[in-house]
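See below for the structure under consideration.
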């Protein structure tokens with residue numbers, strides 16, 4: 001079954017239980033052709049964000065059973081996301097650090113056995129992106145640099161949150177010749193994959209810095225907050241998620257805490 005957008009085929013679905021895109025999100029694993037796990041989301045990179053949040057919750061909050069963590073780890077690996085695997089390793093390290101301290105040799109050995117294949121999985125992913133899709137890497141760099149350049153020209157109020165206006169504006173916006181040649185990419189009409197720099201370009205420096213401050217001050221996930229915020233910050237720098245409902249709730253919770261200080 002296929003799900004179509006307004007202009008073109010977006011993805012396929014299996015009875016609306018999950019989505020997949022064999023043309024765009026396929027990879028070869030030891031000679032076996034597989035499709036990356038994107039779950040209910042538009043791409044695997046978004047799916048890994050919520051899976052890593054679930055891993056954080058299972059490891060530090062819920063602790064429901066010994067089989068939950070391996071299942072979540074397997075699900076993250078199937079997204080074939082370099083960022084997702086990197087975040088997963090960080091979370092697993094802090095989950096098992098007390099066991100590592102008790103039996104360092106055993107857990108270091110097990111860690112090497114686990115990380116070694118994951119390293120080659122991530123390496124293969126990076127090589128595929130570098131060889132087959134150079135524009136993917138350049139696009140992420142471009143999404144970091146260009147919105148900041150736009151914000152520098154509109155520092156107070158930005159250019160607005162309307163995504164269609166932003167896409168049109170950036171398609172007509174040109175960086176300096178030196179910067180453009182370093183990035184070896186062209187202008188684009190697509191939205192930004194970096195939701196932090198998009199927020200800065202859209203709302204200007206004062207408002208965006210305040211909203212980012214509120215994000216850091218969120219009080220919904222307070223246990224091992226540093227680990228949770230690591231997931232969030234890396235995620236919003238790599239995916240257009242900052243203005244999505246879940247992340248807006250985090251910002252609003254921090255905003256509530258901020259204004260609550262002045263009402264007591």
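The values are calculated or read from the model by the stated rules, or taken from the named source; none is laboratory data. Keep in mind it's a predicted model, so treat the numbers as computed, not measured. With ideal geometry, Cβ positions are generated from the backbone for all residues, glycine too; neighbour counts draw on all protein chains shown.
Taking the stretch 199-238 on its own, how many of its residues are free of Cβ contacts under 8 Å to residues at least 40 places away in the same chain, surrounded by fewer than 19 Cβ atoms within 10 Å (Cβ to Cβ) and in a helix (DSSP H, G or I)?
Going through the stretch 199-238 one residue at a time, the tally reaches 8.
Go through the stretch 25-59 residue by residue and tally those that are surrounded by fewer than 18 Cβ atoms within 10 Å (Cβ to Cβ) and either more than 29 Å from residue 221 (Cα to Cα) or at pLDDT below 90 (or both).
Step one: filter the stretch 25-59 for residues surrounded by fewer than 18 Cβ atoms within 10 Å (Cβ to Cβ), giving 26-35, 40, 42, 50, 54, 57.
Now drop any that are not either more than 29 Å from residue 221 (Cα to Cα) or at pLDDT below 90 (or both), which leaves 26-35, 40, 42.
The total comes to 12.
Taking the stated definitions as given, is residue 91 in contact with a helix residue (DSSP H, G or I) (Cβ under 7 Å, 6 or more places away or on another chain), at pLDDT 80 or above, buried (at least 18 other Cβ atoms within 10 Å of the Cβ) and assigned to a helix (DSSP H, G or I)?
On the way: in contact with a helix residue (DSSP H, G or I) (Cβ under 7 Å, 6 or more places away or on another chain): yes; at pLDDT 80 or above: yes; buried (at least 18 other Cβ atoms within 10 Å of the Cβ): yes; assigned to a helix (DSSP H, G or I): yes.
Against the criterion (in contact with a helix residue (DSSP H, G or I) (Cβ under 7 Å, 6 or more places away or on another chain), at pLDDT 80 or above, buried (at least 18 other Cβ atoms within 10 Å of the Cβ) and assigned to a helix (DSSP H, G or I)), residue 91 qualifies.
Looking for whichever is surrounded by fewer than 20 Cβ atoms within 10 Å (Cβ to Cβ), at pLDDT below 90 and closer than 28 Å to residue 44 by Cα here; the options are 179, 188. Which one fits? Write out each step before concluding.
Working: 179 fails: closer than 28 Å to residue 44 by Cα.
Among 179, 188, only 188 is surrounded by fewer than 20 Cβ atoms within 10 Å (Cβ to Cβ), at pLDDT below 90 and closer than 28 Å to residue 44 by Cα.
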